[in-house]
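The values are calculated or read from the model by the stated rules, or taken from the named source; none is laboratory data. What you see is a predicted model, and the numbers here were worked out from it, not measured in a lab. When we count neighbours, we look across all protein chains shown, and the Cβ atoms used for this are built from the backbone with ideal geometry, even at glycine.
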Amino acid sequence: MAYAKYIPRVLAASLDRGPKSAHRSRMRRTFTVDEANRMLPLVRRIVSDAVRDYWRWQDAVREFEVAALRSSPDKPDEIAERFQEEATRLAEEIDGYMGELAELGVMFKGFDTGLVDFPGEIEGRPVLLCWQLGEDDVRFWHEETAGFIGRQPLPGIQVS
């Protein structure tokens, strides 16, 4: 059975970190730390909704797969159809959240932790200001090529 239509294009595109991914074609905006922190209440709500709905989507797809085993082309299973509709609805919602973040200029990095990057600069060089769900504000950065493992406290910020 093909499940591609249940996967939002952004979920698939998140695997493609290249320039062709779904919401990366817009001109890149850069943020100061203050700008990123001022935008954080909105970003936090969007990311929280996206992560919540992602896990709901995962559940709906699993339930669909189980229910689909009872289904056949000549006798569709009603429960499978309901889970299929729910998975599709959630996928569309998630795709909408990813579009909202992209419109804001924020780069979504992961459903597991609700990780996002704000393109920025430190000492004149391009970096990514890093935040994830559960953090009060933007306090970390990393080189564009380093990823999460390269996270460092922002200059002048004490992290406990």
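Annotations
- Restricted to segment 112-125, and to residues there that are at pLDDT below 95 and of a type outside the set (S, T, N, Q), the residue that is nearest to Val47 (Cα to Cα) is Asp112.
- Some residue of segment 137-144 being free of Cβ contacts under 8 Å to residues at least 12 places away in the same chain and out of contact with any Phe, Trp or Tyr (no Cβ under 7 Å at 6 or more places or on another chain): no
- Filter pass, Gly134 being more than 15 Å from Met39 (Cα to Cα), outside any loop (DSSP other than H, G, I, E, B) and within 19 Å of the chain's Cα centre (by Cα): no
- Checking Gly99 against (1) in contact with a helix residue (DSSP H, G or I) (Cβ under 9 Å, 6 or more places away or on another chain); (2) on the phi > 0 side of the Ramachandran plot; (3) not basic (Lys, Arg), the condition it does not meet: (2)
- For segment 66-102, the set of residues classified as of a type in the set (Asp, Glu) and either touching a strand residue (DSSP E or B) at 6+ places or on another chain (Cβ under 9 Å) or touching a residue at least 24 places away in the same chain (Cβ under 8 Å) (or both) consists of Glu86, Glu92, Glu93, Asp95, Glu100, listed by residue number.
- Pairing each residue of segment 44-64 that is closer than 13 Å to Leu115 by Cβ with any residue that is of a type in the set (S, T, N, Q) and surrounded by 15 or more Cβ atoms within 10 Å (Cβ to Cβ), provided the two are 6+ apart or on different chains, yields no C-beta distance under 7 Å.
- Residue within segment 103-126 that is at positive phi, crowded, with 19+ Cβ neighbours inside 10 Å and in contact (Cβ under 8 Å) with a residue 40 or more places away in the chain present: yes
- Among residues of segment 62-102, those that are closer than 30 Å to Val127 by Cα and either outside any helix (DSSP H, G or I) or in contact with a Lys or Arg (Cβ under 8 Å, 6 or more places away or on another chain) (or both), counted: 2
Conditions tested, residue by residue: (1) closer than 30 Å to Gly156 by Cβ; (2) surrounded by 17 or more Cβ atoms within 10 Å (Cβ to Cβ); (3) modelled with pLDDT under 80.
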| position | (1), (2), (3) |
| --- | --- |
| Ala13 | no, yes, yes |
| Arg17 | no, no, yes |
| Glu85 | no, no, no |
| Met98 | no, yes, no |
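- Against the criterion of being modelled with pLDDT under 50 and under 13 Å from the mean Cα position of the chain (by Cα), Ala4 does not qualify.
- For Val33, the conditions (1) of a type in the set (A, V, I, L, M, F, W, C); (2) within 13 Å of the chain's Cα centre (by Cα); (3) surrounded by fewer than 21 Cβ atoms within 10 Å (Cβ to Cβ) are fulfilled apart from (2).
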